[in-house]
Amino acid sequence: MARVGGRNLAMSWIAGVLCAGVVVALIWFAIPIVPTLAAFAGDTLRTLLP
């Protein structure tokens, strides 16, 4: 992270950890849809490619 005047290093770390937590939570909530998405993609490909 670039050192920019007027930015507090502690607040930058807190914001970074919170953002990373949000991304991890979104991935965690998206995991159950992966098998359904894979089946949908497979069915679509089987339909398009005879």
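The values are calculated or read from the model by the stated rules, or taken from the named source; none is laboratory data. Remember, predicted model here, so these are calculated numbers, not experimental data.
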Scan region 4-18 and tell me whether some residue there is at pLDDT 95 or above and of a type outside the set (K, R). yes
Could you list, in sequence order, all residues of the chain that are assigned to a loop (DSSP other than H, G, I, E, B) and of a type outside the set (A, V, I, L, M, F, W, C)? R3, G5, G6, R7, N8, P50
